[in-house]
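Every read-out reported here was derived from the displayed coordinates using simple, explicitly stated rules and does not represent laboratory data. Note that this is a predicted model, so its numbers are computed, not measured. Cβ atoms come from the backbone with ideal geometry, glycine included; neighbour counts cover every protein chain shown.
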Amino acid sequence: MKWTTCFSSERFGIDNARSPQRTEYERDWDRLIFSSAFRRLQNKTQVFPLPEEVFVHNRLTHSLEVASVGRSLGSMVGEKIALIPEVASQPDAREFYFDHLKNVISSACLAHDMGNPAFGHSGEEAISRYFQSQAKNDSFRSRFSDSEWADLIAFEGNANALRILTRAFKGRLPGGFRLTYSTLGAILKYPCSSSDSLGKKGPKHRSKYGFFQSDKAVFQQIASRLGMVEEVGAYGVFKRHPFVYLVEAADDICYNIIDFEDAHRLRIFTTEEVQKTFLQLLACNPKENMNRIRETLDSLNEDANESISYLRAKSINYLTGRCSEIFFENREAILSGNFDGDLLGSIPEAQDVLTFIKKKSVSHIYNHPSVVKIELAGFRIMSGLVEDLVSAALEKEENRDPMQRKVISLIGSQYIFQEADSDYEKVLCLFDFVGGMTDLFALKLYRNLRGIEIPTI
């Protein structure tokens with residue numbers, strides 16, 4: 001892989017139009033920000049249930065903030081890569097890294113959670129568990145090939161994001177969002193199929209999977225266009241594209257730091273606890289003027305939330321700068337696909353504090369009663385919807401009872417399958433429908449189907 005050929009302004013699909021007012025990479029951002037798939041993120045839970053009085057992050061605000069950090073990372077790294085002799089000698093490559101990489105990373109950050117179903121990881125688990133529960137049902141299991149079954153028993157939001165971005169839904173133009181290959185490559189966090197995934201025991205790029213079997217040709221087209229590195233001895237398995245590390249770092253920085261801030265706003269953590277933690281993190285930076293930071297904190301002592309916001313901003317700025325440095329220091333290993341870590345986890349001086357933040361987050365945030373309750377509720381809601389939809393869809397049309405026919409009629413027209421489709425394709429169409437649901441829509445539909453709530457016109 002080469003820095004001079006790992007990007008492309010060409011678009012997936014057939015759209016060859018050019019805009020004199022915007023670059024191709026700016027157009028990626030615009031297509032995402034104005035899409036209904038992106039807007040739906042405003043009603044998808046990030047971590048905490050959305051309270052009425054205290055604003056905390058949802059998937060949309062999280063994605064916007066990740067995109068902001070991603071833009072900074074892309075700018076910092078791009079300016080350095082542009083000065084590498086092999087890049088600097090080629091005007092197109094130099095221009096891309098100086099002017100456009102930041103837009104690619106920012107756009108990919110906008111899209112990184114678009115494949116998550118309602119209720120996030122609980123929704124993913126519910127979908128997977130339904131199919132796992134059918135593993136001993138031979139008449140059900142035999143409907144799918146081994147590779148198809150591997151997709152179904154481990155539903156993956158990353159793979160679903162690629163499908164959403166590239167699939168031509170009914171009534172829509174070919175090529176899906178028609179994003180540039182550069183932006184699509186930047187979201188391929190796990191460039192392998194479910195059959196090739198090795199789980200937590202494997203390297204990071206094979207710990208999950210990045211595309212469904214139905215989208216294998218799409219993935220291969222992207223990998224080929226960007227010159228991605230195929231893993232030796234593993235046909236069809238590729239190393240990560242370098243831009244993925246920047247998108248991942250932006251996401252890691254935001255959820256590690258901002259979840260802490262949200263927990264403070266909800267009074268799970270005291271002001272003193274959060275201030276102490278963020279100050280310890282900032283003290284890892286030998287260039288930081290800690291006396292000036294403490295003086296600023298003293299001036300904000302009448303507004304606890306503002307003091308935490310100030311430290312959050314400083315912390316994100318520090319981690320963003322260090323991640324850009326780590327990327328450049330390891331650029332050759334990253335380019336060749338031999339860098340198996342992540343940027344945030346590769347900052348040596350900050351690991352003790354970051355580990356503390358992660359452990360504290362698990363024990364007090366991700367296992368907080370309000371979070372656990374919404375996870376359990378989301379699991380039951382999504383489990384019920386998947387069961388109703390799959391059982392109806394996989395029944396032969398002539399054998400469906402009236403209730404199953406009514407369930408099928410509720411599927412949006414852009415997601416509805418053809419009766420001639422394979423059972424696997426039918427299920428993926430249901431994934432499209434379920435994956436596009438907001439938390440509130442899923443809850444309402446579940447209540448309607450269970451007779452808990454009577455719909456109104």
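General observations
- Computed extension gain for ASN305 through GLN351, at 0.36 nm per residue and net of the alpha carbon distance, reaches 14.0 nm.
- Annotation for ARG450 and GLU79: the two label points, set 7 Å from Cα along the Cα-Cβ direction, are 5.4 nm apart.
- On a per residue basis, the convex hull of the C-alpha atoms belonging to segment 243-364 measures out at 95 Å³.
- Under the convention that each Lys and Arg Cβ holds +1 and each Asp and Glu Cβ holds -1, the size of the dipole of the chain around its Cα centre is about 440 debye.
- Annotation for segment 246-301 versus segment 118-194: alpha-carbon center distance of 36 Å.
- Peptide packing: for 232-245, 141-154, the average count of neighbouring Cβ atoms within 10 Å per residue gives the ranking 232-245, 141-154, highest mean first.
- Applying 1/(1 + (r/R0)^6) with r as the Cβ-Cβ distance of ASP99 and ALA217 and R0 = 35 angstrom yields a FRET efficiency of 0.65.
- Straight-distance crosslink candidates among aspartates and glutamates, where the alpha carbon sits under 15 Å from LYS426 and sequence neighbours closer than 8 are dropped: GLU148, ASP151, ASP215, GLU387, ASP388, GLU395, GLU397
- Between LYS373 and GLU332, the modelled label-to-label distance comes to 5.6 nm, taking each label 7 Å out from Cα in the direction of the beta carbon.
- The modelled label-to-label distance between PHE140 and MET403, using points 7 Å beyond Cα along the C-beta direction, is 1.6 nm.
- Charge-dipole axis of the chain as Lys and Arg at +1 and Asp and Glu at -1 on Cβ define it, positive-most pick from HIS112, GLY345, ILE84: HIS112
- Near-label residues of segment 313-351 by backbone N, under 17 Å of a point 7 Å along Cα→Cβ of THR5: 335-337
- Note on the chain: dipole from Cβ charges, positive end direction compared against ILE365, MET382, HIS62; the farthest Cα belongs to MET382.
- Straight-line reach from LYS359: taking Cα to Cα under 23 Å and skipping same-chain neighbours fewer than 8 places apart, the lysines in range are LYS200, LYS201, LYS204, LYS208, LYS276, LYS314, LYS373.
- Among [x] 39, 26, 22; [y] 37, 29, 20; [z] 128, 22, 15, the entry that matches semi-axes √(5λ) of the Cα gyration tensor in Å as calculated here: [y]
- Relative contact order (%) - segment 151-271, alpha-carbon pairs under 8 angstrom, separation at least six: 23
- Computed per residue of the chain from DSSP H runs no shorter than four, each worth -39500 (n - 2.57), the mean residue ellipticity at 222 nm is -17000 deg cm²/dmol.
- Net charge dipole size for segment 243-364 [Lys, Arg +1 and Asp, Glu -1 on Cβ; Debye, nearest 20]: 180
- Here LYS360 is the anchor, and the aspartates and glutamates within straight C-alpha reach of less than 15 Å, apart from those fewer than 8 places off in the same chain, are ASP259, GLU261, ASP262, GLU272, GLU273, ASP352.
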